[in-house]
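Novice: What follows is a single structure, and I will ask about it in a moment.
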Amino acid sequence: MSRIGKLPVNLPAGVKAELLPGNVIKVKGPLGEMSQKVDSDINVSIEGNEIKFARPNDLPRFRSLHGLYRALVNNMVVGVSEGFTIKQEFVGVGYKVEVQGQLVILSLGYSHEIQLLLPAEVKAEAEAVKKGQNPVLVLKSCDKQLVGQVAAKIRSLRKPEPYKGKGIKFVGEQLRRKAGKSASAK
């Protein structure tokens, strides 16, 4: 039995789930509404405040789908009740971030500013920069996959380099640093 798939998904207070025709689970909560189509071979049941998943047999395909759909639905429940937050730090001289509604304007040391239009489900805010600190961009959404994809896209614009650590990194991320050239003593 799948260790993840056999665990029920608990619905917190204020979150409602319903099973629609076509094996679609719809979850509604204070932060939004999401739906996920589940493979027709996986049996889904909603009992009280728990969502349970069962597979027909132990073929490898069903074992992998069992845990996958349970994890996706659990992420939906957490998203509509608490939401997901990703913080990114901009390390480098002159690196700036500015948010105007759904438009994020990035100054990353290139000859031009980069403007990125965010999806409607993702909210962004730039934390106030104090002297001696790096700018921080905070991304929030109820969709874990979407907010992660947006954060990865922003990071890909200027990945952290291994010598000085300049670039866009996640807050709390440990970078592998390399030693620079050393002068040989003769």
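Novice: Taking K and R as +1 and D and E as -1, what net charge do the other residues with C-beta under 9 Å from the C-beta of residue 53 add up to?
Specialist: The answer is +4.
Novice: Give, as a single signed number, the net charge of other residues whose beta carbon lies under 14 Å from the beta carbon of residue 33, with Lys and Arg counted +1 and Asp and Glu -1.
Specialist: Cβ neighbours under 14 Å give a net charge of 0.
Novice: Tell me, in nm to one decimal, what length is gained between residue 13 and residue 182 on full extension, where the rule is 0.36 nm per residue of separation less the Cα-Cα distance?
Specialist: 54.9 nm
Novice: Could you report the accessible area of residue 4 in Å², rounded to 10, computed with a 1.4 Å probe on the protein chains as they sit in the structure?
Specialist: 90
Novice: A further question follows. At 222 nm, what helix-only mean residue ellipticity would the chain give, in deg cm²/dmol to the nearest 500, using -39500 (n - 2.57) for each DSSP H run of four or more?
Specialist: So the helix-based figure for the chain works out to -6500 deg cm²/dmol.
Novice: Right, here's the next one. With a Förster radius of 41 Å, plug the Cβ-Cβ distance of residue 105 and residue 24 into 1/(1 + (r/R0)^6) and report the FRET value to the nearest 0.05.
Specialist: FRET efficiency, residue 105 to residue 24: 0.60.
Novice: Something else now. Could you tell me what % of all Cα pairs in the chain have separations over 21 Å?
Specialist: Taking all Cα-Cα pairs of the chain, the fraction more than 21 Å apart is 61 percent.
Novice: Hey, another quick one. Give the residue from 68, 118, 21 lying farthest towards the positive end of the charge dipole for segment 21-136; charges sit on Cβ (+1 for Lys and Arg, -1 for Asp and Glu) and the dipole is referred to the Cα centre.
Specialist: With unit charges placed on the Cβ atoms, the residue in question is 68.
Novice: Relative to the longest principal axis of the C-alpha atoms of the chain, give the angle of the C-alpha long axis of helix 60-81, reported between 0 and 90° and rounded to the nearest 10°.
Specialist: 70
Novice: Taking a cut-off of 22 Å, what percent of all Cα-Cα pairs in segment 31-135 are separated by more than that?
Specialist: Taking all Cα-Cα pairs of segment 31-135, the fraction more than 22 Å apart is 55 percent.
Novice: Percent relative contact order of the chain, based on C-alpha pairs within less than 8 angstrom and at least six residues apart?
Specialist: 17
Novice: Rounded to the nearest 0.05, what FRET efficiency do residue 93 and residue 145 have when you use their Cβ-Cβ distance and R0 = 41 Å?
Specialist: 0.75
Novice: Additional query: Relative to the Cα centre, what is the charge dipole magnitude of the chain, using +1 at the beta carbon of each Lys and Arg, -1 at the beta carbon of each Asp and Glu, and rounding to the nearest 20 debye?
Specialist: Here the size comes out at about 1160 debye.
Novice: Expected output is a single nm value to one decimal: the length gained when fully extending between residue 47 and residue 174, i.e. 0.36 nm times separation in residues minus the C-alpha distance. What is it?
Specialist: 41.5 nm
Novice: Here is a further query. Tell me, in nm to one decimal, what length is gained between residue 127 and residue 159 on full extension, where the rule is 0.36 nm per residue of separation less the Cα-Cα distance?
Specialist: Value of the extension gain: 9.5 nm.
The values are calculated or read from the model by the stated rules, or taken from the named source; none is laboratory data. Computed from a predicted structure; not experimentally measured. Glycine gets a Cβ as well: all are built from the backbone with ideal geometry, and neighbour counts include every protein chain shown. In case anyone asks, the SASA skips ligands and DNA or RNA and just uses the protein heavy atoms, side chains included. Shrake-Rupley method; radii C 1.70, N 1.55, O 1.52, S 1.80 Å.
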